[in-house]
Each structure stands twice: as C-alpha cells, then as structure tokens.
1. Collect the residues in the stretch 1-21 that are outside any strand (DSSP E or B) and either in contact (Cβ under 8 Å) with a residue 12 or more places away in the chain or on the phi > 0 side of the Ramachandran plot (or both), keeping them in residue-number order.
2. Go through (1) within 13 Å of the chain's Cα centre (by Cα); (2) exposed (fewer than 14 other Cβ atoms within 10 Å of the Cβ) and name the single condition T30 misses.
3. For the stretch 37-77, enumerate the residues that are of a type in the set (F, W, Y), in a loop (DSSP other than H, G, I, E, B) and over 13 Å from the mean Cα position of the chain (by Cα).
4. Regarding the stretch 157-176, can at least one residue be identified that is in a strand (DSSP E or B), surrounded by fewer than 16 Cβ atoms within 10 Å (Cβ to Cβ) and of a type in the set (A, V, I, L, M)?
5. Find all pairs meeting these conditions: Cβ atoms under 9 angstrom apart; at least six residues apart or on different chains; first residue within the stretch 25-52 and on the phi > 0 side of the Ramachandran plot and polar (S, T, N, Q); second residue at pLDDT 90 or above and part of a loop (DSSP other than H, G, I, E, B).
6. Condition first: hydroxyl-bearing (S, T, Y), buried (at least 19 other Cβ atoms within 10 Å of the Cβ) and either in contact with a Lys or Arg (Cβ under 7 Å, 6 or more places away or on another chain) or in contact (Cβ under 8 Å) with a residue 40 or more places away in the chain (or both). Can you find one or more residues in the stretch 116-133 that meet it?
7. Kindly establish whether L36 is in contact with a Leu (Cβ under 6 Å, 6 or more places away or on another chain) and surrounded by 14 or more Cβ atoms within 10 Å (Cβ to Cβ).
8. Q75 versus (1) touching a residue at least 24 places away in the same chain (Cβ under 8 Å); (2) more than 27 Å from W129 (Cβ to Cβ); (3) surrounded by 14 or more Cβ atoms within 10 Å (Cβ to Cβ); (4) not aliphatic (A, V, I, L, M): which is the lone unmet condition?
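The values are calculated or read from the model by the stated rules, or taken from the named source; none is laboratory data. This one's a predicted model, so the numbers in the text were calculated from it and none came from an experiment. Ideal geometry is used to build each Cβ from the backbone, glycine not excepted, and the neighbour counts take in all protein chains shown.
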Amino acid sequence: MATTVDRYPVGDYDNSQYWYNASGPNSGYTNLYASLDDWSDTGDYVYPTSWGWSQYWANVNSPSVPTGSTNINVQLYIYYAFSDGCGAGGGVYGTIYQGATYSTSLYNSSGWSGVGYTWSVHPGTGTAWTVSQVNSIPYIGLYGYYYYIAPDPKYGGGCTTLPSVASLLLRVNYDPLTAKVYAFGCGVGTVVGSKSTSIG
C-alpha cells in the first residue's frame with residue numbers, strides 16, 4: 001500500500017506579480033499562504049490583480065520521502081472558482097518547481113470545485129521520480145489570468161474575468177522500503193521489502 005504525504009503552503013515565496021488576499025484575517029498582498037492552507041474553505045481566498053497572466057509562489061515543507069522508496073508520484077490539488085464576466089477566457093494553472101516550472105492543466109470552470117493533477121513521472125526527465133527530486137520541491141504556485149474593463153462613467157457596464165483560489169495542496173504518494181526478517185536455519189537474515197507506513 002502506498003503512503004500519502006500532504007503539504008500545504010507554509011509561506012509566501014514570491015508574490016511580485018500581485019496576487020491578492022480577498023477576505024479573512026489576512027487580507028492584502030502578504031500572507032496569501034494562510035488563505036490556501038485548508039481544503040475547500042472559501043471564507044478566504046486569493047486572486048490575481050495584475051493585468052493578463054501572473055504567477056504566485058508559496059513555500060512548502062519537504063515531504064521527507066525516505067530513501068529507497070519507489071512508485072513515487074506527485075499531485076497538485078486546487079480548490080477554485082472562475083468567473084469570466086468579460087468573455088476573455090483564461091483561467092488558472094497550478095504550478096510546481098523542481099529544477100524548472102511545471103504546470104497542471106488549465107482550469108476554468110465556473111463555481112467552486114476541487115481539481116487535481118498527477119505527475120506519474122518527473123515532467124522534465126520523463127523518468128520515474130527519485131527520492132532526491134521529490135524531496136527538493138521547494139515551492140508550489142498558481143498561474144492565473146486577470147482581465148478588467150472599468151465601467152463607463154456615463155453608461156456604466158464594465159466587467160471582470162479572474163480565478164479565485166481557496167486551497168492549494170501538494171500530495172506525494174510512494175511505496176516505502178522496510179526490512180522484512182526471515183529465518184535461515186539457526187540464524188536470522190534480513191531482506192528489503194515494501195509496506196505501507198503512515199507519515200503525518
């Protein structure tokens with residue numbers, strides 16, 4: 001059985017492209033991670049405010065996958081909503097960094113929903129994830145599109161297109177190695193096998 005490790009954001013790594021905390025106790029351009037660290041809680045969320053596409057990065061703690069683990073995959077989950085009042089298209093991607101930036105599919109459905117994307121192999125090499133690679137994912141993020149037309153002073157109107165994101169979660173699944181003990185005659189020998197281990 002596989003072991004699963006979840007990692008929510010623990011800090012803002014880079015918000016130089018001005019995503020915004022929409023509500024809650026952390027509103028503003030700082031501490032966005034605090035609005036993303038609980039699944040499906042839409043009481044606080046973030047959204048982009050820079051015209052066009054913009055990136056936000058959040059720090060995550062290492063999943064601490066143990067040496068010798070196999071069958072590793074990496075998943076990124078987003079709880080989001082998308083509003084396209086201007087008909088401009090766009091949406092939001094989830095992103096991870098591991099030597100380069102890699103993105104999920106584009107998400108642009110209306111209404112709040114949870115989505116997940118799986119990298120079964122390392123997206124840069126096309127080969128199985130190594131323990132070293134998965135333990136050195138330093139940050140995860142969001143890449144979203146913002147479009148706005150101000151109301152006309154005389155005729156009103158105006159519109160906004162943007163995604164809102166309430167949760168961002170890195171999940172790593174793997175099969176850990178452990179020692180299995182077998183008796184060989186009068187002595188005891190140890191071989192390496194696999195079993196499920198729970199890691200918080």
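1. Selection gives M1, A2, Y8, P9, V10, N15, Q17, Y18.
2. Answer for T30: the failing condition is (1).
3. Answer for the stretch 37-77, where residues must be of a type in the set (F, W, Y), in a loop (DSSP other than H, G, I, E, B) and over 13 Å from the mean Cα position of the chain (by Cα): Y45, W51.
4. Within the stretch 157-176, not a single residue is in a strand (DSSP E or B), surrounded by fewer than 16 Cβ atoms within 10 Å (Cβ to Cβ) and of a type in the set (A, V, I, L, M).
5. Cβ pairs passing all conditions: S40/W112.
6. No, every residue in the stretch 116-133 fails to be hydroxyl-bearing (S, T, Y), buried (at least 19 other Cβ atoms within 10 Å of the Cβ) and either in contact with a Lys or Arg (Cβ under 7 Å, 6 or more places away or on another chain) or in contact (Cβ under 8 Å) with a residue 40 or more places away in the chain (or both).
7. Considered against the rule, which asks whether it is in contact with a Leu (Cβ under 6 Å, 6 or more places away or on another chain) and surrounded by 14 or more Cβ atoms within 10 Å (Cβ to Cβ), L36 comes out as yes.
8. (2)
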